[in-house]
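Report on the structure given below.
The values are calculated or read from the model by the stated rules, or taken from the named source; none is laboratory data. Here the structure is a predicted model, which is why all the values come from computation and not from measurement. In this analysis, Cβ positions are derived from the backbone assuming ideal geometry, glycine residues included, and neighbour counts consider all displayed protein chains.
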């Protein structure tokens, strides 16, 4: 199993980069603690050994800010992915397997969530609730992404339901619980795993967007918050530009790593016939 | 045979019934889709209404205080006046408020601002929507057409350098959020090199709106950066979709037969591959087009571009919720409508889906 | 007909109508099975033959309980069943099903062991793992896949079609049923493998006294497996002829059966058939508008006006035939050595 993973280049590279991020999240703040107090004498210092990414407009070390912020970024992505996958797959399996009225109701609700544009609603939700914790942001962000997953899983369940090996379970009088968990789920598990990582990607996208508008400023070390603050200070000033580029690059690298993991997992779990 | 012989049309009423029945039978597919869309729209209305009611805070309060001081009346009376002027009573029975909202929507009234008078959602849409659509649709079509051309080419030459370059491009462009790309472009092209303007849709000081050349040129010049940012980020997605679809088509037997007949790559590409591979992309395109009406909030905020997205976000932040209600409903409505149109057009372009 | 013993399963007046909602107001009705009466006895092999779309698979699924008939009664060992879910678990486990496509019938992400273990465990909750393992070993020996461990640990895609089909049989007999419905079990298997699979089914029938309902469109395999059993010829959802297979093949009485037998190519260099089938047309009637009388009326060479109005069962020395105009149908054998 490990061998299969390591033989897939995309997956290995992606996982290694993500592992680095995770490492930074847990170990980073211990090695490089962040001091949020402003040091007025050291504003906008250039990169040096003491401050690898320089300092910001209040004299705080940018490098350490980013290390501190990795944790909140990761938390948001993870929580949002968990919520999206849990809600989306539960409703999707329920809707696909039960059929009938339940299916119609769930589909009607899903359609609403797919029609109304996500971003304005994020803003509305952000005004309703005060976004104080990564979990809150995660909830807001996943409120819209579960719908797509639900519909996709429903389609898969519908087609699986008619397959012979499920039909024979009914002849052999095997319980619904067994059919759903032991027969259906293993067939869609790969799809769910891949969608978990996809959900993480879109969660980061959405959360950084919310921060850019200024609605979630609970944690100023979060990479999106740094970008937003730097922009707020005015990008005409090249010093601010420099500060902005670091979290931006970090975000992009994380997204790329997640993409590699997704593609790698797809190759690994869904072997397709090679097309000439 | 069979049934129709036994039923004789004796009365004109019976004949009418048959016509209606035949109509339902023939257009069953479309009618059920329309019914589903209507249901979705109704539920959307309900959801938006209740969602906005959950926002804490009472905007009428501030207004009432102002009126009270102005006219020197009691607060209760001032409140009543405020309610009247703003068409909004937070204490109203929620069901009655919903019915009022609903009847207003049916008549086309999408809500009024409670902060500025004489500003309604309809007027905002009229003024702002064209700008949003201008940016988004230009960008969408550019990224679509570039995407499918490149996608078609690399699908046929999978082993070449172009395909590898395309894959790298797809990975990178899919990982940068569009607003961050916009920021990068603004920093470099607008501020550093001063090639394009960083804000607004046209320079109100130097040109006047209308069908004159300087205005059009100015608008295009101001639109360059947003469109560029959006296109750069989204072309990758279209390339990927087109490439995948084309690879699927190229594996089919009729392509093999075409190759055996000696047709060139280019002929195969244009005559066989493109039409078949584009079919699933049409639904994607339709859905993307529907999503345009939601407004690219962040892009517009970065460029300070006076479009619908910026308007919605501004109004939410300033708590002008009545108008926001209507604007969000409008976006949702357009998405549902466009999706419905795509579903109705699809059987026309894909013969396999047609019903008798 | 007098019965010597009580039948294991009785199907009385089974009608199956599928409704397809094609518009808001009207539904298309497909009358797939019409007034089917069938008795299945313990230990017998009975064959259902017919062309594609004649309803034999639907009938098979009704017997196993996957479909509930629109009208009609099913009796299993004397008890009246009104559907798969409404009777207790124990009684319906007596009927099992072997599907046509062995690859689709097994869960691709579960090993053979897991796929065989689960139904046994579901039926016998108190058995321990070692007990079930022993039963699995026995089963693998019976179906001829040894050594057992080698096959049990594999996934379905790692086995050949013939091996998978044997696994399906093992799964079917693992619950000790009294009746097994086999829906075209060898049609997707290489011709060279068919005989061994059919022999396996015959041995299971002898050894465990299980009844088999063998569904097929291929007369030769049917003939082989149901040597001493009965055959039901189906057309458009009705059983048009039912009798001992030797007699029906040798002297078919219903015009459709005659055409069916005559359509089988004969590997006899001296036999020259005229190449003509005794049919008026090759077109199947629609299932939506069933004619009132005989469904075969359109294609039948010997039909008369009365056939359009009514059709009823006739008893001949060899078979029970659904034909009202039997006198007009020739009764000489199609080919002298058929049926032997």
So, in segment B:320-343, how many residues would count as being over 19 Å from residue B:292 (Cβ atoms) and either more than 9 Å from chain A (Cβ to nearest Cβ) or surrounded by fewer than 16 Cβ atoms within 10 Å (Cβ to Cβ) (or both)? 4
Could you list all residues from segment C:182-211 that are more than 20 Å from residue C:161 (Cβ to Cβ) and assigned to a strand (DSSP E or B)? C:211
Looking across segment B:26-82 at residues that are within 14 Å of chain C (Cβ to nearest Cβ) and buried (at least 17 other Cβ atoms within 10 Å of the Cβ), the single one that is modelled with the highest pLDDT is B:36
Of those in segment B:269-284 that are without any contact (Cβ under 8 Å) to a residue 60 or more places away in the chain and touching a helix residue (DSSP H, G or I) at 6+ places or on another chain (Cβ under 7 Å), the residue farthest from residue B:343 (Cα to Cα) is B:272
Would you confirm whether any residue within segment C:98-105 is away from chain A (no Cβ under 11 Å) and over 18 Å from the mean Cα position of the chain (by Cα)? no
Pick from A:230, A:206, A:225: which is crowded, with 22+ Cβ neighbours inside 10 Å, more than 18 Å from the chain's Cα centre (by Cα) and not in a loop (DSSP other than H, G, I, E, B)? A:230
Could you list, in sequence order, the residues of segment A:153-164 that are out of contact with any helix residue (DSSP H, G or I) (no Cβ under 7 Å at 6 or more places or on another chain) and either more than 8 Å from chain C (Cβ to nearest Cβ) or assigned to a helix (DSSP H, G or I) (or both)? A:155, A:159, A:162, A:164
When segment A:37-56 is examined, which residues are found to be under 16 Å from residue A:247 (Cβ atoms) and either touching a residue at least 60 places away in the same chain (Cβ under 8 Å) or in contact with a helix residue (DSSP H, G or I) (Cβ under 6 Å, 6 or more places away or on another chain) (or both)? A:52, A:53, A:54, A:55, A:56
Determine if segment A:192-213 includes at least one residue that is more than 8 Å from chain B (Cβ to nearest Cβ), within 25 Å of residue A:44 (Cα to Cα) and at pLDDT below 90. yes
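Residue-wise test of (1) within 30 Å of residue A:259 (Cα to Cα); (2) out of contact with any strand residue (DSSP E or B) (no Cβ under 9 Å at 6 or more places or on another chain); (3) part of a helix (DSSP H, G or I).
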| residue | (1), (2), (3) |
| --- | --- |
| B:190 | no, yes, yes |
| B:211 | no, yes, no |
| B:216 | no, yes, yes |
| B:226 | yes, yes, yes |
| B:232 | yes, yes, yes |
| B:236 | yes, yes, yes |
| B:242 | yes, yes, yes |
| B:246 | yes, yes, yes |
| B:271 | no, yes, yes |
Is one or more of the residues making up segment C:117-134 away from every other protein chain (no Cβ under 11 Å) and in contact (Cβ under 8 Å) with a residue 24 or more places away in the chain? no
